[in-house]
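Accompanying notes for the structure given below.
The values are calculated or read from the model by the stated rules, or taken from the named source; none is laboratory data. Here the structure is a predicted model, which is why all the values come from computation and not from measurement. Quick reminder, even Gly has a Cβ in these numbers, built from the backbone with ideal geometry, and neighbours come from all protein chains shown. Heavy atoms of the whole protein, side chains included, go into the accessibility calculation; ligands, DNA and RNA do not. Shrake-Rupley method; radii C 1.70, N 1.55, O 1.52, S 1.80 Å.
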Amino acid sequence: MTGEPRAKCFAARDVARRWRRGELAFAFDVAMPDRPAWPDRPELLPPNRMPKRGKFGSERARIALWHSLAHIEFVAIDLALDMAGRFGGEMGEEFVSDFLSVAADEAMHFALLARKLESLGSHYGALPAHAGLWEAAHETRHDVAARLAVVPMVLEARGLDVTPATLERVEAAGDSGGAKILARILDDEIRHVRFGTKHFVEIAESLGNPPETLWKHLVETHFRGSLKPPFNDSARLAAGLSREFYANVAS
C-alpha cells in the first residue's frame, strides 16, 4: 500500500528483515488489495503504445533502457510481496521466506537502477512505462500454481534470456558500472526463478501431475503472450527450468 518508490523499497526490505528476525506472525487475516499503490508517474501505457527507444548508444536510448529496467524491478517488488501475502497462508513459512527475500532483492535492484537513472540526469517516472506486468498477477490471483507458472517461470525467466545480451551491449559501450548492476540482477534472478520452480514442482507432485505438463497447461490458459527464443538454457537450467518445460511451447 506504499506508492512512493523509495518508501516502497524501504518498506519491502523492512518487512523481509522483520520476518527473518521472527518479529512477524504467520497470520493472513487481512485481504490483499487487488492492485498495489503506485506513484502518479510513470504514465502506464499498453505495450503497443510504448515509444521506441531509439538506436542503442544514444543518450535517449540509454535512459529509456535503464528506465524500462527500473520499472520492471519496481513492479517486481509488488509481485513478490503479493505472492507472499496472497498465497503464504496456504503454502507455508518457507514459501513466505523465499518471496519476502525476493521482494527485498527487487527493492535493492530498483534502488540501484534509480540511482543509475539519476546519474544520467533522469529519474524513475520521467518516461512512460509498460502497463502489462501487473496484469499477469491479476489474471492468476485465484491460483498459486498459475501464478508461479506465469510470473517466475515465464516473465522472470525471460529476464534470464535477455539480460546477458543487454549486459554485453552495456559493457561494449564502456559502461562498467551498468554492467555490474546487470550482472548482479542476473545472478539474483536465477535464484528467484529457482524459488518459483521449486514451489511449482512441489504443487504438481502433490497433485500427482508431471510438472512440465501442468506448467504447459497453465501457461496456455493464463499467459497472453508467447514464449520466444533464443533461450538462455544454462541459466534456466540453473534455476530448475529444464528444456522439457518450454521447448515445445515456444513460438
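What the table shows:
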item	result
Test for Ala111: is it at pLDDT below 95 and either touching a strand residue (DSSP E or B) at 6+ places or on another chain (Cβ under 8 Å) or open to solvent by 20 Å² or more (accessible area, probe 1.4 Å) (or both)	no
Selection status of Phe95, under 30 Å from Ala179 (Cβ atoms), open to solvent by less than 50 Å² (accessible area, probe 1.4 Å) and under 17 Å from the mean Cα position of the chain (by Cα)	no
Some residue of region 42-58 being part of a helix (DSSP H, G or I) and more than 22 Å from the chain's Cα centre (by Cα)	no
The lone exception for Ser206 - which of (1) modelled with pLDDT of 95 or more; (2) surrounded by 14 or more Cβ atoms within 10 Å (Cβ to Cβ) it fails	(2)
Scope region 38-86; condition touching a Lys or Arg at 6+ places or on another chain (Cβ under 9 Å), of a type in the set (Lys, Arg) and surrounded by fewer than 18 Cβ atoms within 10 Å (Cβ to Cβ); matching residues	Arg53, Arg60
Residue check, Thr213 without any contact (Cβ under 8 Å) to a residue 12 or more places away in the chain and either assigned to a helix (DSSP H, G or I) or closer than 20 Å to Ala103 by Cβ (or both)	yes
Subset of region 114-151 (residues that are polar (S, T, N, Q) and either under 13 Å from the mean Cα position of the chain (by Cα) or open to solvent by 40 Å² or more (accessible area, probe 1.4 Å) (or both))	Ser119
Within region 171-184, tally of residues that are in a helix (DSSP H, G or I) and surrounded by fewer than 22 Cβ atoms within 10 Å (Cβ to Cβ)	9
Only listed residue being in contact with a strand residue (DSSP E or B) (Cβ under 8 Å, 6 or more places away or on another chain), touching a residue at least 60 places away in the same chain (Cβ under 8 Å) and either under 30 Å from Arg169 (Cβ atoms) or assigned to a loop (DSSP other than H, G, I, E, B) (or both), chosen from Leu79, Leu65	Leu65
Considering residues of region 98-108 that are in contact with a helix residue (DSSP H, G or I) (Cβ under 6 Å, 6 or more places away or on another chain) and of a type in the set (A, V, I, L, M, F, W, C) only, the residue surrounded by the fewest Cβ atoms within 10 Å (Cβ to Cβ)	Ala104
Extreme residue, nearest to Ala61 (Cα to Cα), among residues of region 117-163 that are assigned to a helix (DSSP H, G or I) and out of contact with any helix residue (DSSP H, G or I) (no Cβ under 9 Å at 6 or more places or on another chain)	Glu118
Cβ-Cβ under 6 Å pairs, at least 6 apart or on other chains, region 120-138 side without any contact (Cβ under 8 Å) to a residue 40 or more places away in the chain, far side in a loop (DSSP other than H, G, I, E, B) and open to solvent by less than 20 Å² (accessible area, probe 1.4 Å)	none
